[in-house]
Amino acid sequence: RGISISQETSSHLTNEGVIDAYVHQGGRIGVLVEVNCETDFVARNEEFRAFVHDLALHIAASNPLFVSRQDVPDSLLSQEKEIYRKQALSEGKKENVVEKIVEGKNKFYGEICLLDQPFIRDPEKTVEQLLIEMIARMGENIEIRRFTRVQLGERV
């Protein structure tokens, strides 16, 4: 049901929403996250706001680099595929098998893409599954637009 509601509302504009801030570990990690929705009614909803805050906590703990797979630059994806290719070849895998192994390495996305990560409070679900559930409960399109995570002493 949630998936069908998500698909139905995916074309709706999300011009309202919330920006939430979270600072963790005595000011050593900070997160800003923007989550958009269709109406200010949902943006003021306590359940929606709690969802956004939980996302900020998750980002602080899991350190994703991108919101979704579509945000991953082709250059980074190519680098990772080359690493997997070299690993498979060094293990003695045949060339035709190596390509299938490289294409099947989706764990990489779970490490760097927010939507693919297991949610820290419920590892049985991904962040994307929680987002779909929230869309179903709120009855309108919700989009995790962007986030920024800053860690003290981290060099960019």
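Scanning region 11-30 for residues that are on the phi < 0 side of the Ramachandran plot, open to solvent by less than 80 Å² (accessible area, probe 1.4 Å) and either modelled with pLDDT of 95 or more or under 17 Å from the mean Cα position of the chain (by Cα) (or both) gives 18, 20, 21, 22, 29, 30. Residue 48 fulfils the conditions (1) open to solvent by less than 80 Å² (accessible area, probe 1.4 Å); (2) in contact with a Cys (Cβ under 6 Å, 6 or more places away or on another chain) except for a single criterion, (2).
Yes/no per residue for (1) within 26 Å of residue 30 (Cβ to Cβ); (2) not polar (S, T, N, Q):
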site	(1), (2)
70	yes, no
79	no, no
85	no, yes
88	no, yes
94	no, yes
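Condition (residue is assigned to a helix (DSSP H, G or I), charged (D, E, K, R) and either out of contact with any strand residue (DSSP E or B) (no Cβ under 8 Å at 6 or more places or on another chain) or crowded, with 16+ Cβ neighbours inside 10 Å (or both)) applied to region 31-40: is it met by at least one residue? No: region 31-40 contains no residue that is assigned to a helix (DSSP H, G or I), charged (D, E, K, R) and either out of contact with any strand residue (DSSP E or B) (no Cβ under 8 Å at 6 or more places or on another chain) or crowded, with 16+ Cβ neighbours inside 10 Å (or both). The residues on offer are 136, 88, and the sole one that is within 30 Å of residue 38 (Cα to Cα), surrounded by 13 or more Cβ atoms within 10 Å (Cβ to Cβ) and in contact with a helix residue (DSSP H, G or I) (Cβ under 8 Å, 6 or more places away or on another chain) is 136. Within region 139-155, being open to solvent by less than 50 Å² (accessible area, probe 1.4 Å) and over 23 Å from residue 41 (Cβ atoms) holds for 147, 149. Just one residue in the set 125, 100 is modelled with pLDDT of 85 or more, open to solvent by 50 Å² or more (accessible area, probe 1.4 Å) and either within 17 Å of the chain's Cα centre (by Cα) or over 22 Å from residue 17 (Cα atoms) (or both); that residue is 125. In region 68-85, the residues that are at pLDDT below 85 and open to solvent by less than 50 Å² (accessible area, probe 1.4 Å) reach residues that are of a type outside the set (Gly, Ala, Ser) and in a helix (DSSP H, G or I) with C-beta atoms within less than 6 angstrom, at least six apart or across chains, in these pairs: 80/108; 84/102.
The values are calculated or read from the model by the stated rules, or taken from the named source; none is laboratory data. Keep in mind it's a predicted model, so treat the numbers as computed, not measured. Cβ sites come from the backbone with ideal geometry, for glycine too, and all protein chains shown count toward neighbours. Ligands, DNA and RNA are excluded from the accessible area calculation, which covers all protein heavy atoms including side chains. Shrake-Rupley method; radii C 1.70, N 1.55, O 1.52, S 1.80 Å.
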